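First up is the structure itself, then whatever we jot down about it.
Readers should treat all values here as calculations from the given coordinates under stated rules, not as data from a laboratory. This is a predicted model, so every value here is computed, not measured. Positions of Cβ are backbone-derived with ideal geometry, glycine not excepted, and every protein chain shown enters the neighbour counts.
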Amino acid sequence: MFMKITFIVFQLSLVGIYGAFGFLKTFRTQKAKEQMPWARNRSEFFIRFVGVSELVGALVILLAVLTGGFPWLTILAAAGFTLIQILAIFTEHLPKKEYKVLPFNVMLLSFSIFVLASYL
């Protein structure tokens with residue numbers, strides 16, 4: 001029972017975090033460019049693409065939590081979140097020496113891996 005509750009907490013954490021940041025990147029792109037150093041030298045299309053990807057993943061996991069079904073969609077969403085974080089860490093933050101954001105990225109990566117591993 002404890003593991004099931006922990007699993008749901010991790011899923012809902014991913015929904016909340018990726019949902020909020022996805023909304024910001026998708027609908028408030030200029031504000032995202034101001035607040036996120038990596039976004040300053042990226043096109044609005046790219047930032048929106050990342051935001052929409054995060055929103056879709058968050059909605060898929062939320063749907064899975066609410067219905068108790070669609071485990072394969074949760075696996076895809078968690079794998080996508082894992083890929084987003086790996087790319088963010090190794091193609092953006094480490095090369096630009098943005099070390100302050102790495103703990104947050106690693107936390108999101110670990111949440112995504114935990115959700116993914118729970119299904120596999």
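Listing for the model above:
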| item | result |
| --- | --- |
| Dipole magnitude (debye, nearest 20) for the chain, charges at Cβ of Lys, Arg, Asp, Glu | 300 debye |
| Positive-end residue, the chain charge dipole about Cα centroid, Cβ charges, pick of Ala58, Asn105, Pro71 | Asn105 |
| Rounded if a/c under 1.5, otherwise prolate or oblate - the chain, Cα gyration tensor axes | prolate |
